[in-house]
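See structure below.
Laboratory data are not the source of any read-out in this text; all were calculated from the coordinates shown. Quick caveat: nothing in here was measured; it's all calculated off a predicted structure. Methodologically, a virtual Cβ is constructed for each residue, glycine included, from the backbone with ideal geometry; neighbour enumeration extends over all protein chains shown.
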Amino acid sequence: RFGRGLLMDHGHESHRVRQVKDARETRQGRYSAWLKKAKSRDACFKLQGHVMRYFTIDFDAHIIFYSHSVLQKKVSPPIPFMDIRGAEELPLPMKHGKRTTALNFGFVLHTKLRSFELYTSSNSDAAEWAFALNVAMLMGKLKCLERMKVLQDGQEHLPTDAEKEEEEEEALKQVEEAAARLQDDAKRKAEELRLLQIQLRAKDEVAAFRKEEEEAAKKKKQEQAAAEQKQVLEKQAEDLQMLQLQLLIQEEELTARKEEEEKAAQKKEAAAQKKQEEEASARRKQQAAKDLPTFEPSVLVEALAVLLASEVVESNGNGATAEWKEIQRLEEIQRARNSKQPGTKHEATCLNLPLVVVPGAAVNV
């Protein structure tokens, strides 16, 4: 009988040995399992301050008890089915980001003396425990009614087999009705759990969709910022290119202006040099003019006459040859005379001057 529903203890993690039939469903024999028992009522909500106990429900002996190990060498005082006041499931645990403990689906067992807040590994198992405990409560009430009826009738002997069968059928009918109600409640809670899971999945999907939208918006914003930055960089590159072009044009203008200034400076220098040369030439002419000997007016007149005579001779050609020869003869005589007895300064100066003989005029020697 202890073998039914036996749990293997591995570090407070229960591994249930599945049976062909569960005593909580057949309401015959025993069912045992590890449950987490809260130490106080506050611990029920805080999920702190709990201990692991090995609970057993015995439908044949109509009792519930728990122990510290599977061997059940030391057990708690048994709780008769008649002392059970009912059982109910606790609200479903809140979903947390971190992994919660395995035994966090609870139910409460109310007895005549105290209440037990217990936790199991799944919501369905908690519903089965609550259902089995409520059935045990009904079985205890039926047994209590039987005893009261026996006392009231004053019967000291046991009821007949027919009465027992009738009472058992009636009790079984009531238990089945209660079981049906409990099953309906379990189905309703299972449906609520399914709907809650659907809502949680929908919330998760909505959160994931919103996260995707936020990431897409963030990515789009980053792309827009990158495009704007690219446009700014391109504009800056164009401005830099225009600035370089302007600098090149200014450099060319400066070069042309410098060349023009150099040409103007060269022209100015050439003009100044030419002016200096002209001034030097004028100074040389003035100095030469100053260095020339001073002639009397008569000498200048004679020189002018000589020039005129040369022009006349050139113009007369061969017709004045005889006269020209005569003039040469007279010049030679004059030179010879001057070489023997030089005269005054004026005469020495004029020795080399040719005699002017005007055709048709007398020549005095």
* **Point-to-point label distance, Lys203-Ile249, nm (Cα→Cβ direction, 7 Å offset)** => 6.9
* Sequence-distant lysines (8 or more away, or on other chains) whose Cα lies within less than 21 Å of Lys187 -> Lys21, Lys173
* **Proximal aspartates and glutamates relative to Lys112, as straight alpha-carbon distance under 12 Å, when same-chain residues fewer than 8 apart are discounted** => Asp83
* Structure fact -> Going residue by residue through region 225-233, the Karplus relation 6.51 cos²θ - 1.76 cosθ + 1.60 with θ = phi - 60° gives ³J(HN,Hα) values, rounded to whole Hz and with x marking Gly or Pro, of 4, 5, 5, 4, 5, 5, 4, 4, 5
* To do: Rounded to whole Hz and in sequence order, give me ³J(HN,Hα) for region 239-252 from the Karplus expression 6.51 cos²θ - 1.76 cosθ + 1.60, θ = phi - 60°, writing x for Gly and Pro.
  => 4, 5, 5, 4, 5, 4, 5, 4, 5, 5, 4, 4, 5, 5
* To do: Could you list which residues have their amide H under 5 Å from that of Gly29, counting only those 5 or more apart in sequence or on another chain, with H placed in the peptide plane?
  => Phe59, Asp60
* Structure fact -> Calc'd 3J(HN,Hα), region 187-200, phi into Karplus 6.51 cos²θ - 1.76 cosθ + 1.60 (θ = phi - 60°), Hz, glycine/Pro = x, comes to 4, 5, 5, 5, 5, 4, 5, 4, 5, 5, 5, 4, 4, 5
